[in-house]
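So the structure is just underneath, and the comments pick up after that.
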Amino acid sequence: MNAATETTAADKKTMDDMAIGLGALTVVGVSATAATPFWPTTWGQAPSIGVVVLAVGLAVFLALHTLYWWRSLDEAAREAHKWAWWWGGNLGFIVGGAAVVIAALNGVDLLPARVPHTDAALIALGVIAAFAAQAVGYTLAWCFWWAARR
């Protein structure tokens with residue numbers, strides 16, 4: 001086996017091990033129901049320790065998975081993703097943000113009727129709208145990159 005094949009095999013083994021760890025974290029996250037100790041009362045009701053363990057584990061898993069995925073890409077794919085994220089993500093964020101502002105200024109009710117119209121709900125809507133706009137812009141730019149080079 002050459003070095004590239006050995007690296008790919010090692011990365012696959014590591015990814016398989018991480019998937020087993022993620023499964024174990026899911027079991028812990030679902031089954032541990034004790035409240036999180038040392039939770040500030042100003043933040044509201046404490047989540048269960050299982051939820052906290054699962055959230056931290058998912059964040060670590062996602063970061064490591066992304067690292068191994070990025071290492072597996074060739075130079076052309078890396079450049080396509082970087083270009084698409086820079087241009088598509090930024091332009092999507094600008095266009096999506098402008099659309100939300102224009103809709104809000106024109107009195108469009110941005111939240112569904114069943115959602116309470118609180119500051120927290122509006123902030124969550126803004127975050128979700130920003131991520132969605134960036135994802136749409138990134139996807140369009142990524143498709144454009146590959147279409148232009150085929």
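The values are calculated or read from the model by the stated rules, or taken from the named source; none is laboratory data. Bear in mind that the values here come from a model prediction, so they are computed numbers and not experimental data. No Cβ is skipped: glycine too gets one built from the backbone with ideal geometry, and neighbour counts run over all protein chains shown. What goes into the accessible areas is simple: the full protein's heavy atoms, side chains included, and nothing from ligands, DNA or RNA. Shrake-Rupley method; radii C 1.70, N 1.55, O 1.52, S 1.80 Å.
Observations, loosely collected:
- Pairs where the first residue, in the stretch 90-119, is within 25 Å of Tyr138 (Cβ to Cβ) and the second is open to solvent by 80 Å² or more (accessible area, probe 1.4 Å) and modelled with pLDDT of 80 or more, C-beta under 8 Å, 6+ apart: Gly92/Val136; Gly92/Leu140; Gly96/Val136; Leu110/Leu122
- Every residue from the stretch 135-146 that is modelled with pLDDT of 90 or more and either outside any helix (DSSP H, G or I) or not polar (S, T, N, Q) (or both): Ala135, Val136, Gly137, Tyr138, Leu140, Ala141, Trp142, Cys143, Phe144
- In this structure, Thr33 does not qualify as β-branched (Val, Ile, Thr) and in contact (Cβ under 8 Å) with a residue 24 or more places away in the chain.
- For the stretch 80-116, the set of residues classified as exposed (fewer than 14 other Cβ atoms within 10 Å of the Cβ) and not in a helix (DSSP H, G or I) consists of Asn106, Gly107, Val108, Asp109, Leu111, Pro112, Ala113, Arg114, Val115, Pro116, listed by residue number.
- For the stretch 117-134, filtering for residues that are more than 18 Å from the chain's Cα centre (by Cα) and either among the polar types (S, T, N, Q) or not in a helix (DSSP H, G or I) (or both) leaves 2.
- Pairing residues of the stretch 59-72 that are touching a residue at least 60 places away in the same chain (Cβ under 8 Å) with residues that are open to solvent by 80 Å² or more (accessible area, probe 1.4 Å), at Cβ distances under 8 Å and at least 6 apart in sequence or on separate chains, gives Ser72/Thr8.
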